[in-house]
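The structure appears right after this line, and notes come after that.
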Amino acid sequence: MPFSRDIKDELARLFPEKACCRLSLLAALAGGEGRFVAGARGQTLEIRMQNLAVARLLLRLLKELGGVPSMWEIRESRHFRKVKEFVIHLLPGEGLERLARQSGLASPDKGIHPALVRNKCCRRHFLRGSFLAAGSVSPPERSYHLELVERSTARAESLIALMQSLGLPARMTARAHNLCVYLKKADDIAGALNLMGATQGQLRFEDIRAVKDTKNDVHRLVNCEAANLAKTTNTSVRQVKLIQLLLRRLGGEGLPEGLREVARLRLKHRQASLRELGALAKPPLSKSSVSKRLALLEEMARKLQEKGTL
C-alpha cells in the first residue's frame, strides 16, 4: 500500500545512534522476515523484503555490527508475480551464531529477548523494526488499522507487552498461519507512528484524519437536519388534516380564540416549525404553548372522529 510504503521509506532513513538500539532494530528486522535455511556449510539466515530502502538499512546495520558475512540478491516474489524481492543471506559462522544469541533468533519460541527491550529507546526501535519487517497501515481515508505480523505466539505476546509498555493498547488476532498484532483507534495509530519516528507520516495521517472527521461531522449534521425536516413535515401534514376536519365540523367560531389563532397559523404556514408559529402569533407564543394548543386541537378532532361526527 502506498501509505505504508511511504512511512517505511521515511523510517528506513533513520539510523540509531546507540549500539543497543541498532541491535534491537536489527533483531526486529531479522526476526520478522528471517528464516534459517539449511546449506552445505550450515544454516544460513535468509531475510526477504520488498522495500529497497529497508534492505539498505539492514545491510548498513550488519556492517556496523561487523563479523557477520552476508550476500544479497534480487528474486521474483513468491506471492506476487512481477514484484521483486531483495533477499539477504547471512552466512554461517561465529558472527551469525553470536547475532542469533544476542537477538533471540536462536530461540524464537521464547519471545523477544529481554536484553533487547530493556530501555525505552530500544523498545521504540524494536517496534520500528517490527513494522519495517512485516507491518502495514491502512490509508486513513479508508479505515484506521495498523498491524504487525508475527509467526510465533511467544513473539506476538512479547510484542503486545512491549507496545503496552509504550502506552499502545495492542491486541492480537490469528490470520492464516500468522498472528497479527494490531491497533484500531486513530489516536493509538498516530501515537505508534510518533514513537517509531515517522514524523511526516504522522502529520499526513493527522491531516487526512481531520478532513475525514470534518466530512463525517457534516454528513451527520445534514442527516440530522433532513430527519428533523421530515419529522416536522409529517407532523404538519397530520395536524393540517385534523384541523381541517375539525373546522368543517365546528367552524372557526366554534373554537376558543387561542386555539382558533394557532389553527389559522398552522393552515397558513404549513412548513413552519413550532417556534416559528409562536413568533407569528399576536402576542407571540412560546414553543411549548404552541405545542400544547396544537395537541389540544388534535385531541378534539380525534374525539369527534371516535364519536363518528367527523
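The values are calculated or read from the model by the stated rules, or taken from the named source; none is laboratory data. This is a predicted model, so every value here is computed, not measured. Methodologically, a virtual Cβ is constructed for each residue, glycine included, from the backbone with ideal geometry; neighbour enumeration extends over all protein chains shown.
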### Query
How about the stretch 120-181: which strands (runs of 3 or more DSSP E) wholly inside it have at least 2 residues that are assigned by TED's automatic domain parsing to the domain that holds Arg60 and buried (at least 23 other Cβ atoms within 10 Å of the Cβ)?
135-137, 146-150
### Message
Being without any contact (Cβ under 8 Å) to a residue 60 or more places away in the chain, in contact with a Ser or Thr (Cβ under 7 Å, 6 or more places away or on another chain) and farther than 25 Å from Met71 by Cα: is that true of Glu147 here?
### Response
yes
### Task
Among the candidates Arg302, Arg266, Arg270, single out the residue that is exposed (fewer than 14 other Cβ atoms within 10 Å of the Cβ), in contact (Cβ under 8 Å) with a residue 24 or more places away in the chain and assigned by TED's automatic domain parsing to the domain that holds Leu229.
Arg270
### Query
With respect to Arg220, is the statement that it is within 30 Å of the chain's Cα centre (by Cα), among the basic types (Lys, Arg) and under 30 Å from Ile160 (Cα atoms) true?
no
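Just for helices (runs of 4 or more DSSP H) wholly inside the stretch 1-67: which have at least 1 residues that are in contact (Cβ under 8 Å) with a residue 12 or more places away in the chain and among the hydroxyl-bearing types (Ser, Thr, Tyr)? Full working, then the answer.
Details: elements: 2-12, 19-33, 52-65.
Helices (runs of 4 or more DSSP H) meeting the threshold: 2-12, 19-33.
Is at least one residue of the stretch 199-220 within 30 Å of Gly129 (Cβ to Cβ) and not in a helix (DSSP H, G or I)?
Step one: filter the stretch 199-220 for residues within 30 Å of Gly129 (Cβ to Cβ), giving 199-210, 212.
When the remaining residues are screened for being not in a helix (DSSP H, G or I), the result is none.
Within the stretch 199-220 (the criterion being within 30 Å of Gly129 (Cβ to Cβ) and not in a helix (DSSP H, G or I)), the answer is no, since none of the residues qualifies.
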### Task
Assess whether Leu310 counts as being outside any helix (DSSP H, G or I), more than 30 Å from Ala192 (Cβ to Cβ), modelled with pLDDT of 85 or more and among the aliphatic types (A, V, I, L, M).
no
